[in-house]
Every structure is written in C-alpha cells, then in structure tokens.
Amino acid sequence: MGGRRPTDATGRGFGLAGRLAARESQGLRRDLAPADRVAERARLAPDPRGDPPSFGDEELVFASNNYLGLADDERVRRAAVAAVREVGTGAGASRLVTGDTAVHRALERDLADAKGTERALVFPSGYAANVGTIAALDPAAVFSDELNHASIVDGCRLSNAETVVYDHADPDDLARRLDADPTDGPRLVVTDSVFSMDGDVAPLGALCDVAEAHDAWVMVDEAHATGLYRDAGGVVQREGLEDRVQVQVGTLSKALAGQGGFVAGSETLIEHLLNAARPFVFSTGLAPPAAAAAREALRIAREGDRRERLWENVARLRDGLTDASYDVWGETQILPVVVADRRRAIALAESLRERGVVAPAIRPPTVPEGTSRLRVAPTAAHAEADVDRCLEAFREAGREVGVR
C-alpha cells in the first residue's frame with residue numbers, strides 16, 4: 001500500500017516533543033501515578049510509562065473524591081459482582097440498541113427518587129452528561145459561572161450558543177448580564193453547586209431568583225455534592241430547590257463509588273435527552289457492574305451514617321489546619337490549603353509525602369496565579385487517628401518548608 005507513513009514517536013509531525021518540553025519548562029507536565037487500591041490508604045508508584053508499576057509503602061490518601069469511602073466497601077463490591085453474574089461485564093451496545101438493562105433502570109429510579117424528580121438518565125461519565133445535555137438543549141445563550149468545570153465549558157462550546165461568563169457565585173452580576181443580553185430564544189444558567197478547587201457553594205436560591213425573573217432555565221452540576229446531603233441528594237436537596245432547578249446533573253464516580261454520570265429532571269427532559277444527547281446516543285451503555293455498584297452506594301448513603309462520619313472528619317481536619325495557622329478556604333468536604341506560591345505548594349506536598357500523607361499541590365493554570373494550594377479531601381473511611389496523623393504531618397511539613 002502506498003502513501004506516507006505516520007511520523008514516529010518523536011511527534012515531529014505535530015511538534016509533540018516540543019509541546020511536552022514546553023510543559024516541562026513551565027512546571028506543567030503531569031504524570032500518572034498508579035495506586036494499588038482505591039481507599040483511604042494506598043500504595044502509589046512513580047509513573048512507570050509502559051512498564052508494570054512498582055509500588056512503595058502504604059500512605060494515607062487525603063486527595064480522593066471517594067468522599068464516603070465506599071469504593072472498596074464489601075457491600076458495593078458484592079453488588080458489582082452480582083451484576084456481572086446476572087447481566088454481564090459490559091452493556092455491549094448503546095442503550096438505544098441493546099445496551100439498556102434492568103440494572104440501569106433500577107439505578108435511574110433510585111436517582112430520581114433521591115433527587116426529587118420524575119426521571120433520571122445515566123450517561124457513561126459526568127463529562128458526557130454535561131456536554132451532551134447542554135448541546136441537546138440547544139439554548140440561544142448560556143450563562144456560565146467563571147469557575148465552572150471544564151465539562152460545562154466544553155458543553156457551552158459544543159452547543160454553539162452565545163456563552164456569557166458571569167462572576168463567580170455572583171447573582172447580581174448574572175442579573176446584569178441577563179439584562180444586557182439581546183438574545184432572542186431560550187436561555188440557560190449553568191453552575192456547579194460545590195466548586196471542586198475552592199470548596200465553596202453556589203448561592204443556588206439567589207441564582208434561581210434571577211433566572212426566574214428573566215425566564216431562564218437553571219442547570220446545576222452536583223458532581224461534588226451528590227450523596228452528601230439530605231437523603232443522599234446534593235445542595236439542591238439541602239436547599240429544597242427541586243422544583244426550581246430544571247436540570248440536575250451529577251456523577252456516580254465520586255461519593256457513589258462507581259463510574260458514570262446522570263441527569264435528573266422531568267419526564268420530557270429525559271425523553272428529549274435520550275433522543276438528542278449525542279454522548280448518550282452514540283456511546284455504549286454504562287457497564288452494568290458500575291451501575292449496580294453506584295446503586296448500592298446510593299442506598300448506603302441514604303440509609304447509613306457515612307455522611308455524618310464524613311462531616312465529623314471534615315470539621316476535625318478543618319479546625320486542626322486552622323489552629324496550625326494554615327489558610328483554609330471553602331465550606332465543604334473540599335479543604336483548599338492555600339499557600340500562594342507554586343514552588344512552596346509543591347514543596348509542602350512533597351514534604352507531606354515523605355511523612356506518608358498524599359495531598360497533591362494544585363497550581364496555575366488550574367487555579368489563578370497567587371493561589372496555589374493543596375486540595376485536601378478527607379473521607380468517611382478515615383479514622384480519627386488518620387486525621388490526627390494528617391494534621392501532625394502538616395504541622396511538621398509546614399515548619400520544614402516555611403509556610404507557617
């Protein structure tokens with residue numbers, strides 16, 4: 001066969017080696033760090049590239065979104081195994097073809113009940129849920145919080161809507177921008193409820209007030225809130241806003257210990273999405289074991305004391321970090337420990353690792369210049385002794401690198 005051969009691994013055709021070198025020089029190149037398990041304790045390995053990982057000593061993980069500590073819960077494991085035996089390891093096709101199973105439907109009924117809506121629809125990921133929903137709604141204009149997740153940003157881009165970014169968590173700025181918007185057609189206000197890097201909460205009630213005054217719909221991404229509030233719902237449920245938020249999005253891969261995302265809302269909304277949301281229509285259905293695991297995790301979150309244990313650990317850790325003179329932002333289970341300078345943030349994270357605590361540094365461009373931080377996230381599975389060990393590591397590491 002003729003034709004030109006692809007370029008080799010040096011990436012000369014697209015300048016990939018140069019791009020990687022530029023990232024390296026700017027301190028922005030990232031690596032994968034395999035873990036031997038998903039739990040409050042794990043052994044991590046340096047990035048092995050294509051080789052098998054070589055794991056080190058066990059460390060305390062305070063960097064996971066496994067907020068309720070259910071990813072290795074035996075009940076959740078049993079539910080996943082039962083789905084494998086009864087249904088299979090994969091859906092085998094798009095759900096619109098033959099990939100729709102009773103496991104998917106049972107999970108969706110429970111999600112709709114927890115979210116206080118008529119129906120729910122499960123997507124292969126939370127990213128797919130956001131991108132697919134915004135594009136399928138086809139708004140004339142989208143009004144997006146400036147700190148919204150990348151999946152919302154990309155959903156706005158793919159929708160071809162006029163996108164207006166309003167100041168973070170600022171209903172007054174949203175109102176001004178809606179007032180000034182000349183768009184003729186349906187308008188959508190989109191926000192995260194809990195912001196993953198700052199740990200703060202959107203003022204959903206006030207945003208709903210503004211949206212209703214301007215005849216706009218509200219879409220809320222509860223990725224970092226689902227499972228943690230009333231009846232294992234999110235901030236929408238905590239604030240009693242189910243009737244005012246037209247589109248509720250969430251993920252199954254954080255507190256619910258599975259994989260995938262979902263949208264909850266009216267019967268009409270769900271019927272439209274399953275026909276028009278391209279990431280749903282053209283993707284193989286969520287693997288049945290993942291759906292079954294998430295359903296069992298949701299049941300445990302609703303009926304057990306995991307949520308209470310999480311918030312106790314959050315309070316203990318926040319108070320201890322504050323007492324140690326750290327600047328701790330947010331008001332949720334996400335505790336950003338802000339140290340401003342990126343080099344000092346990296347040094348602090350490395351010093352913690354030397355003491356057996358994993359809490360990675362987050363630096364620009366992920367967060368604004370001058371706000372580099374360690375994103376600390378306890379789980380319900382951490383014991384009091386684990387939290388105390390984390391605090392002692394922060395005190396010692398802070399003294400070592402001069403950040404307190």
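Rule-based calculations on the coordinates, nothing more; no lab input. Owing to the predicted nature of the structure, the values given are computational and were not obtained by experimental measurement. Counting neighbours? That spans all protein chains shown, and the Cβs are built from the backbone with ideal geometry, glycine included.
Take every DSSP beta bridge with both residues inside the chain and express the antiparallel ones as a percent of the total, to the nearest 5.
DSSP beta bridges in the chain are roughly 55 percent antiparallel.
Computed FRET efficiency, Cβ-Cβ of GLU212 and ARG278, R0 45 Å: what is it to the nearest 0.05?
So the FRET efficiency works out to roughly 0.95.
Given contacts defined as C-alpha pairs under 8 Å and at least six residues apart, what's the relative contact order of segment 97-237, whole-number percent?
Relative contact order comes out at 21 percent.
Give the Rg/Rh ratio for segment 52-190, taking Rg as the radius of gyration of the Cα atoms and Rh as the Kirkwood radius, to two decimals.
1.08
What number, in percent, do you get for the relative contact order of the chain if the mean sequence gap of Cα pairs under 8 Å and at least 6 apart is divided by its residue count?
The normalised contact order for the chain reaches 20 percent.
Work out from phi, with θ = phi - 60° and the Karplus expression 6.51 cos²θ - 1.76 cosθ + 1.60, the ³J(HN,Hα) of each residue of segment 381-389, listed in order in whole Hz, and give x for Gly and Pro.
Karplus-based 3J(HN,Hα) across segment 381-389 equals 7, 6, 7, 4, 5, 5, 5, 5, 5 Hz.
For the charge dipole of the chain, defined by +1 on Lys and Arg C-beta atoms and -1 on Asp and Glu C-beta atoms about the Cα centroid, which residue among ALA225, ALA277, GLY90 has the Cα displaced farthest towards the positive pole?
Going by the charge dipole, the pick is GLY90.
Work out the length of the dipole vector of the chain about its Cα centre, built from +1 on the beta-carbon of each Lys and Arg and -1 on the beta-carbon of each Asp and Glu, and round it to the nearest 20 debye.
Value, rounded to 20: 1660 debye.
Give the long-range amide H neighbours of VAL165: residues separated by 5 or more places, or on another chain, with amide H under 5 Å away, using H modelled in the peptide plane at 1.01 Å from N.
Correct list: SER144.
Could you tell me which of THR163, PRO289, GLN259 has its Cα farthest along the dipole of segment 74-303 towards the positive end, charges placed at Cβ (Lys, Arg +1; Asp, Glu -1), taken about the Cα centre?
Checked the options; the winner is PRO289.
Only counting other Cβ atoms within 10 Å, I'd like TYR127, TYR166 sorted with the fewest neighbours first.
Starting with the residue having the fewest Cβ neighbours, the order is TYR127, TYR166.
Whole-Hz ³J(HN,Hα) for each residue in segment 289-296, computed from phi via Karplus 6.51 cos²θ - 1.76 cosθ + 1.60 with θ = phi - 60°, x for glycine and proline: what do you get?
The phi angles translate into x, 5, 5, 5, 4, 5, 5, 5 Hz.
Treat every Asp and Glu Cβ in segment 21-176 as -1 and every Lys and Arg Cβ as +1, leave all other atoms uncharged, and give the resulting dipole magnitude about the Cα centre to the nearest 20 debye.
660
Which residues does a label at ASP138 reach in segment 152-170, if reach means a backbone N under 18 Å from a point 7 Å past the Cα toward the Cβ?
Taking a point 7 Å out along Cα→Cβ of ASP138, the residues of segment 152-170 whose backbone N falls under 18 Å are 155-163.
Any idea how far apart ALA385 and SER25 come out in nm if each label point goes 7 Å out from Cα toward Cβ?
Here the answer is 5.0 nm between the modelled labels.
For ALA315 and ARG230 in the same chain, what is the full-extension length gain: residue separation times 0.36 nm, less their Cα-Cα distance, in nm?
Extending this stretch completely gives an extra 28.8 nm.
Roughly how far apart, in whole Å, are the Cα centres of segment 39-58 and segment 323-395?
21
Would you grab the residues whose amide H sits under 5 Å from the one on ARG119? Only those 5+ places off in sequence or on another chain, please, with H modelled 1.01 Å from N.
The list, which skips near neighbours in sequence, is GLY265, GLU267.
Would you mind ranking TYR67, TYR229 by Cβ crowding within 10 Å, fewest neighbours first?
TYR229, TYR67
Under unit Cβ charges (Lys, Arg +1; Asp, Glu -1), what dipole magnitude, rounded to 20 debye, does segment 45-132 have relative to its Cα centre?
My answer is approximately 540 debye.
Name the residues of segment 222-249 whose amide N is less than 18 Å from a point 7 angstrom out from the Cα of ASP113 along the C-beta direction?
The answer is 227-234, 237, whose backbone nitrogens lie closer than 18 Å to the label point.
Among DSSP bridges having both ends in segment 74-303, what percentage is antiparallel? Round to the nearest 5.
Here the antiparallel bridges make up roughly 40 percent for segment 74-303.
Amide H to amide H under 5 Å from GLY261: which residues, 5+ apart in sequence or cross-chain, H placed 1.01 Å off N in plane?
Placed amide hydrogens put PHE123, SER125, GLY126, LEU252 under 5 Å from GLY261.
What distance in nm lies between label points placed 7 Å from Cα along the C-beta direction at ALA82 and ARG37?
2.3
Just check the chain against the gyration tensor rule for me: Cα atoms, a ≥ b ≥ c as the square roots of the eigenvalues, rounded for a/c under 1.5, and otherwise prolate or oblate depending on whether a/b exceeds b/c.
rounded
With point charges of +1 on the Cβ of Lys and Arg and -1 on the Cβ of Asp and Glu, referenced to the Cα centre of the chain, which listed residue (ASN66, ALA45, THR366) lies farthest in the positive direction of the dipole?
Selected residue: ALA45.
Sort 201-207, 381-387 by the packing proxy (mean of other Cβ within 10 Å over each peptide's residues), most packed first.
201-207, 381-387
Explain nothing, just compute: Karplus ³J(HN,Hα) = 6.51 cos²θ - 1.76 cosθ + 1.60, θ = phi - 60°, for every residue of segment 184-194 in order, whole Hz, x for Gly and Pro.
9, x, x, 10, 10, 9, 10, 8, 5, 8, 9
Which value in deg cm²/dmol, rounded to the nearest 500, describes the helix-derived mean residue ellipticity at 222 nm for the chain, given -39,500 (n - 2.57) per DSSP H run of n ≥ 4 and division by the residue count?
Helices in the chain give a 222 nm mean residue ellipticity of -12500 deg cm²/dmol.
For the modelled label position 7 Å from the Cα of ASP57 along Cα-to-Cβ, which residues of segment 350-379 have backbone nitrogen atoms closer than 19 Å?
Answer for segment 350-379: 350-360.
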